[in-house]
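Presented below is the structure to which this report refers.
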Amino acid sequence: MIHSLFLINNVGDLFLEKHWKSVISRSVCDYFFEAREKAGEPDNVPPVIRTPHHYLINIYRDKIFFVSVIQTEVPPLFVIEFLHRVAETFQDYFGECSETTIKENMVIVYELLEEMLDNGFPLATESNILKELIRPPNILRTMVNTITGSSNVGETLPTGQLSTIPWRRAGVKYTNNEAYFDVVEEIDAILDKSGTTVFAEIQGVIDACVKLSGMPDLTLSFMNPRLLDDVSFHPCVRYKRWESERVISFIPPDGNFQLMSYHISAQNLVAIPVYVKQNISFFESGSSGRLDITVSPKQTMGKVVECVVVTIHMPKVVLSASLNATQGTYKYDPLTKILVWDIGKLNPQNTQKQPNLKGSLSLQSGAPKPEENPSLNIDLKIQQLAISGLKVNRLDMYGEKYKPFKGVKYVTKAGKFQVRT
Amino acid sequence: MNGGLGNLRLEAVGAMRSALVSAENLQLSLKSDLSSEEQALTNNHTSGNEEKPKRGNEDLKEMLESNKESLKLEAMKRVVGLIANGKNASELFPAVVKNVASKNIELKKLVYVYLVRYAEEQQDLALLSISTFQRALKDPNQLIRASALRVLSSIRVPIIVPIMMLAIKEAATDLSPYVRKTAAHAIQKLYSLDPDQKEHLIEVIEKLLKDKSTLVAGSVVMAFEEVCPDRIDLIHKNYRKLCNLLVDVEEWGQVVIIHMLTRYARTQFISPWREDAIFDENSEKTFYDSEEERRVDQSKPYIMDPDHRLLLRNTKPLLQSRNTAVVMAVCQLYWHLAPKHEISIITKSLVRLLRSHREVQYVVLQNIATMSIQRKGMFEPFMKSFYVRSTDATHIKTLKLEILTNLANEANISTILREFQTYVKSQDKAFAAATIQAIGRCATNISEVTDTCLNGLVLLLSNRDETVVAESVVVIKKLLQTQPSQHSDIIKHMAKLFDNITVPMARASILWLMGEYCEHVPKIAPDVLRKMAKSFTSEEDIVKLQTVNLAAKLYLTNSKQTKLLTQYILNLGKYDQNYDIRDRTRFIRQLIVPNEKSGALSKYARRILMAPKPAPVLQSAFKDRDRYQLGTLSHTLNSQATGYLELSDWPAAAPDQSVRNVEVVEPVKESGAPSLGKSKAGKSKEKFYSDEEEEEEEEDEESNSEDSSSSSSEESESGSESEENSEVSNKSSSSQSEKSSSESDSDKKKKTQKNKKIQQQKPDSKNRKQKNGNAGKSESRSESESGSGSSSSESSSDSGSESGSELESDSDSGTDQKKNTKSKPVQSKPVVKVEKKEVSLLDLDDFAPTPVTTPKSSILSPSLLSDLQGLSISPTSALQASSPVFVPETSYELLHRMTGKGLSGQYRFTRQPCIYDSSMVSLQLTLSNSSEQPLENIHISQKSSCAQNIHCFNAVERLEPQASVTVSIGVNFNDSTQAANFQLCTKEDEFSVSIQPAVGELLLPVSMSEADFTREQGKLLGMNESSATITMSPENISSQSVSRKVVSVANLGVISSTQENIHRFAGKTVSSSSLVLVSVTLKDPDAQITVNTEKSVMGSMLLRQLKTALGNSAT
């Protein structure tokens, strides 16, 4: 399946190679560089590239290209999903997945890759298992290891590998037993010029941080499970129980994990928490333009909308912007042509004075005015609210005696929230 | 330094010699290679000299040779750093390889990494390490065994192929599934190293395919796909197992298995769409919509193979997987295998994947694009999910556009066009151009909007961006070709724009349009030609060619005005730099200008040049992509990738279904169906297996007749039924006719049983005729009598089935009563328990759960036992199922008579292996009618969509007031205590009912020796073990009462124990056959209960129940 892996940073340096079968010369990456050149933006590189003898499947993540070499037919998603899993594992181990951390921890990276694939077929990808095989680095352990001569590598097969619940390791012990759940919802929306919703849906995930001793069996139930029409679960969730009773029953992995994700589709009505009034125009004469944006809270269910940021990718001809913001600060980067207006909190009481950004744009003289107005990308956050109205009812634990501390948090964010102008 | 190298060399040679000795012991002759090895060493030596300037590696070498572990480790870490950077570290090989036997596990692993990387280049030196691995293969630590095999098989040195082969064969039978998984991986490695080993490897694959561990399944299927994807016959026997295991296999294995099963299913099942395709000649619409109707009027309706259904059912939950590859795999499986009306369930999941990473979106969108061409309806409700965002990558945008275009129809075209309008203005010009093409496609596909689109496109002609204008021109040209006459004004408009358009393709398109339709624009065309003549030399080649064309066409239609112009242009063309243009000019001149040399062709010039041309068809680039299996690399690339396995067409006739039957040991023979009946030898049994209804019918007939004289032939019938699984080949006649000559074990057994049953049945039926009243009790008694009368081996197998036969008689009495319209309700479960003589002597009212003596399993005569074992093909044949020690008679309420409008139901667990399916739990339902009216047609609704698989009873046609009937059903609880919900229906009503199993009922008892028990228990430690200490209530201290309590809680077999204070019980879960071991150690007054099972959840639940049963609180 996966023959080799090359890691390439975004300026085109190849900084790591790993082969699971016979060695493939790194010159195979030339085809990738060629495609990279052609694509311009790193995002535009086609994920699957054909070369005369191999196929290159790549992902771009955290400014690193993970380029895998394939020789025979394989489901492309299989490889893509695996590469993302590799990146996530690095992130999990080193805090971030970047060229520097990977180079610093080259040996661990190599050991990880060795465990994750055997002959190109995934062997262990569960982070709990990997952590028992290869311990993540930390300063204390490095010191202890140098003194005692012990190593980072586990000597026995992690029990999880053999059991039917590979995601949980045995013998977990905590003095404080706690289970936290974050319900995070993102609004994906497209609003048109007039402010009407072209398309809106909610993508939700429930992230869990479970630190419970022993082998707890948890059941999470919702007040309104009918809201969820399309869900996907962590493998620990018993699907049958969801089907029949609409409760989430599972033996959790230890630590942080994503319990489920759900999707509330465009068919349902989605509340849009902000209202954006905008007017951007460019003038043919005088090579200038005007910009006027007002943001006000809309359906917020009584909560405060925070961290509101408006980002605009200006057309190339816009040289500079001289604007005036009644609230927050704005910044225009003439190199990337990105205008960022950081508003902060939207005050729900003060309806007269809504945050406003107004002023003029100066264009490159002589160039024709851009025909399309740039669209606005909105970022926002609402604490203590799941915009879909989803509510966790209760969390029960079976199988262990102690009383865990439980907590649920709700957050709503803007996902791909775009206003067309 | 040379001296150092020399030393090193001596050392290496010495080490190598010793390794060779050990290698020889392993029947490997390496002698002939000795010299070549020495040579290689010298080569190495010289190459080392050449790279002398690399001083860095020298100190690494020193570090590796030092005595300090930490220095060595440090050195290896640096070496690995070199490898990771692609630097050559091969000259360190001798120094590194010496550390292969290091005690430090991290050092060892790094050495492994190095070895695998360079072994191929340094084959001879690599041999030094082999003996270390061979030793490690025998290590008690499974992780070490596995990693030794991994490295050994990764060393790509042809000479060790026999060693690898041996190691793989051994590892394939290893006790640890993890090692077996590694063996499966090693198969592929060996195969790529030496394809000649194929035959041997297939043997190993065959063995591993039978493995029941979920860990192994994915890897061995991968090996199968790589080594022998054409040996579909290896899958037959494992098909059902793979389907059932699928949910528990790790995600990567799931992907591989699903793809393999898709291919398999296409060769083994008949098409669920077949009839539709044949009988339907017209539109796609009816093709999909009216399937239901058509089914009805087909003479022979299509019936899906239950195995086909099994696959679809078991893969469906995986649509919820978090792994996008798994979801995609299931989607393609449904696309290629599911009946048309079921495919749409995959839509939501596919749309969900669009939220994932950019790369995932790309692949998923491609697949959706292919699907949406054939099945618009699937994705239409989700159209908005394909709306483009300005932040999407260009290739994502184009794919979304493609899908939107595919989805366009009369109803939604206006929405789509409005959306397209936004896209046309996009700053991403490539995308804007693609949008224009999409508009063109919509316009040709949907005639209602052609004009709107055309007008829209014409407006775009005044756009300032060149690419947009050019693309519009090209698209307009294509559109106009369909109906030119109505659009001469558009052509005129374009002619006006001509001066401003600079993109060659667009200019060429306009010129072509002028020429083609010059008759519609007789005034303008010559003028355009005049302008072109002026600028001819500065035009692009493509424009020049079209100019020549235009000139020729005008010359033919309007030679008066254009003759001179044409000649001028032809002259320019004649001396053009481009040979294409020169050629074209020469050709045109000969064709149109009459002269003496011109041949016959010029007569036809007009017909040649002005021939009506077919309008181009604008179609999707994804039109024919579905020739590749969806979700594959080939589909993504739209060309066949190496190793792509073609998805075969459905077979015309269904291949033999019985090949998938697996022999399962069913020591307990009984038939769930009432056993009296007339002979039905005439019935064809062909369909027996695939068609449940028919089976039920048969049973019906059986139960309806009371002719005891023919019970013998009936017997064989029921015998074969219970043997469904084991009877592979004797499908029809042999199993039916008494005189069947086949003398297989199972047949023999059946016969003995049959004979015995004949004896048994006769008095039985007599009895029944005599007393209709308390039929249950008397019957059971008569049966037990006759049972005890028969020979020992017979009675043993019989005693295994006591309560089963009870069940028989019960349901018989039920039907009896129904027939005779007896108004006496049967007393609640006359249950029986009474199987052994001593027990039958008990008082009748002593029906309280009697712990039936433990040594029951020992009644099985040794010969029969061995017979049964011989039948078993499963590797874990040690799991000998035995009969239940105790059957509780508690029944639970299923439906109260108030809620059931007079119909009430109760259920109880019979604790017998289910006759319908070995993974089902068998239950007995008693339905009574407490209303005034007879109830008709009581059945379980077929369409109820419960999570569990239920084998329903056949409908009870009529239940008189105050009568009751007992039926048996099987439910596959999948080893969970989740309630089974289903609909109990009468003719008028439907009642939702649910059955909540106690964890103890999901088990089947198993008999094993004490030694086996301890061994199995040893394998199930750690997380698989749960234990608790409780204070025993005084009355529970006696060993008998402990056994009684335990077996009343759970259906476990008692293991005879040599230690008095330890009681052991064994069972297996019904669905997955995982062992469940319970031991109770008495330490007055405490007792420790230990439950060992892979199913840790079941384990802990069972422990809890045992605690309550045995603890103080219990009575």
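Brief remarks on what is shown
- No other residue among B:E250, B:E203, B:E199 is within 11 Å of another protein chain (Cβ to nearest Cβ) and either among the acidic types (D, E) or open to solvent by less than 30 Å² (accessible area, probe 1.4 Å) (or both) apart from B:E250.
- Any chance A:E284 is touching a Pro at 6+ places or on another chain (Cβ under 9 Å), open to solvent by 10 Å² or more (accessible area, probe 1.4 Å) and within 10 Å of chain B (Cβ to nearest Cβ): no
- Scanning region A:26-65 for residues that are more than 7 Å from every other protein chain (Cβ to nearest Cβ) and in contact with a Lys or Arg (Cβ under 7 Å, 6 or more places away or on another chain) turns up just one, A:V45.
- For A:E41, the stated conditions hold: it is out of contact with any strand residue (DSSP E or B) (no Cβ under 9 Å at 6 or more places or on another chain), under 22 Å from B:L354 (Cα atoms) and open to solvent by 40 Å² or more (accessible area, probe 1.4 Å).
- Positions within region B:916-931 being of a type outside the set (S, T, Y), in contact (Cβ under 8 Å) with a residue 60 or more places away in the chain and in a loop (DSSP other than H, G, I, E, B), in sequence order: B:M920
- Selected residue (criterion: nearest to A:L112 (Cα to Cα)) from residues of region A:1-18 that are within 11 Å of chain B (Cβ to nearest Cβ) and surrounded by fewer than 18 Cβ atoms within 10 Å (Cβ to Cβ): A:F15
- Filtered residues of region A:397-421 (kept if part of a strand (DSSP E or B), within 14 Å of chain B (Cβ to nearest Cβ) and either of a type in the set (G, A, S) or more than 24 Å from the chain's Cα centre (by Cα) (or both)): A:M397, A:Y398, A:A414, A:G415
- Among the residues of region A:203-222, those that are surrounded by 17 or more Cβ atoms within 10 Å (Cβ to Cβ) and more than 11 Å from chain B (Cβ to nearest Cβ) comprise A:I206, A:D207, A:A208, A:V210, A:K211, A:L212, A:S213, A:L218, A:L220, A:F222.
- Selection count, region A:32-48, where residues are over 21 Å from B:L633 (Cβ atoms) and not in a helix (DSSP H, G or I): 2
- Considering region B:57-73, the residues that are free of Cβ contacts under 8 Å to residues at least 24 places away in the same chain and more than 10 Å from chain A (Cβ to nearest Cβ) include one that is surrounded by the fewest Cβ atoms within 10 Å (Cβ to Cβ), namely B:N67.
- Of the residues contained in region B:462-485, one or more are found to be part of a helix (DSSP H, G or I), away from every other protein chain (no Cβ under 14 Å) and out of contact with any helix residue (DSSP H, G or I) (no Cβ under 9 Å at 6 or more places or on another chain).
- The requirement of being open to solvent by 90 Å² or more (accessible area, probe 1.4 Å), closer than 18 Å to B:M371 by Cβ and more than 14 Å from chain A (Cβ to nearest Cβ) is not satisfied by B:R607.
- When B:S176, B:S153 are screened for being surrounded by fewer than 23 Cβ atoms within 10 Å (Cβ to Cβ) and at the interface with chain A (Cβ under 9 Å from one of its Cβ atoms), only B:S176 passes.
- All positions within region B:116-153 that are touching a Ser or Thr at 6+ places or on another chain (Cβ under 6 Å) and either under 19 Å from B:L73 (Cα atoms) or in a helix (DSSP H, G or I) (or both): B:V116, B:Y118, B:S131, B:Q142, B:L143, B:A146, B:L149, B:R150
- Region A:223-254, subset open to solvent by 10 Å² or more (accessible area, probe 1.4 Å), more than 10 Å from chain B (Cβ to nearest Cβ) and within 19 Å of A:Y398 (Cα to Cα), residue modelled with the lowest pLDDT: A:D254
- Of residues in region A:352-389 being more than 14 Å from chain B (Cβ to nearest Cβ) and basic (K, R), the one nearest to A:D188 (Cα to Cα): A:K381
- Failed criterion for B:V543 (all others in (1) open to solvent by 10 Å² or more (accessible area, probe 1.4 Å); (2) among the β-branched types (V, I, T); (3) more than 23 Å from B:Y604 (Cα to Cα) hold): (1)
- Of all residues in region A:96-118, those being out of contact with any strand residue (DSSP E or B) (no Cβ under 9 Å at 6 or more places or on another chain) and more than 18 Å from A:G255 (Cβ to Cβ) number 6.
- Identification of strands (runs of 3 or more DSSP E) wholly contained in region B:967-1033 with 3 or more residues that are more than 14 Å from chain A (Cβ to nearest Cβ) yields B:1003-1007.
- Set B:K1045, B:K1068, B:K1107: member being in a strand (DSSP E or B), within 21 Å of B:P997 (Cα to Cα) and open to solvent by 20 Å² or more (accessible area, probe 1.4 Å): B:K1068
- Breaking point among (1) modelled with pLDDT of 90 or more; (2) surrounded by 21 or more Cβ atoms within 10 Å (Cβ to Cβ); (3) under 24 Å from the mean Cα position of the chain (by Cα), for B:V351: (1)
- Looking across region B:51-68, the residues that are touching a helix residue (DSSP H, G or I) at 6+ places or on another chain (Cβ under 8 Å) and modelled with pLDDT of 80 or more come down to B:L60, B:K61, B:M63, B:L64, B:E65, B:S66.
- Counted residues, region B:207-224 - those being more than 15 Å from B:M260 (Cβ to Cβ) and either in contact with a helix residue (DSSP H, G or I) (Cβ under 6 Å, 6 or more places away or on another chain) or within 14 Å of chain A (Cβ to nearest Cβ) (or both): 5
- Qualifying residue in region A:343-365 (condition: at pLDDT 85 or above, closer than 30 Å to A:T219 by Cβ and of a type outside the set (K, R)): no
- With respect to the conditions (1) open to solvent by 30 Å² or more (accessible area, probe 1.4 Å); (2) within 10 Å of another protein chain (Cβ to nearest Cβ); (3) farther than 22 Å from B:L630 by Cβ; (4) of a type outside the set (D, E), B:T452 lacks only one, and its number is (2).
- Flag for B:K108 being in a helix (DSSP H, G or I) and either at pLDDT below 85 or open to solvent by 20 Å² or more (accessible area, probe 1.4 Å) (or both): yes
- Checking B:N445 against (1) buried (at least 23 other Cβ atoms within 10 Å of the Cβ); (2) farther than 16 Å from A:V198 by Cβ, the condition it does not meet: (1)
The values are calculated or read from the model by the stated rules, or taken from the named source; none is laboratory data. No experiment lies behind these values; they were computed from the predicted model shown. Glycine also receives a Cβ, built like all others from the backbone with ideal geometry; neighbour counts cover every protein chain displayed. Surface accessibility is based on the protein's heavy atoms, side chains included, excluding ligands, DNA and RNA. Shrake-Rupley method; radii C 1.70, N 1.55, O 1.52, S 1.80 Å.
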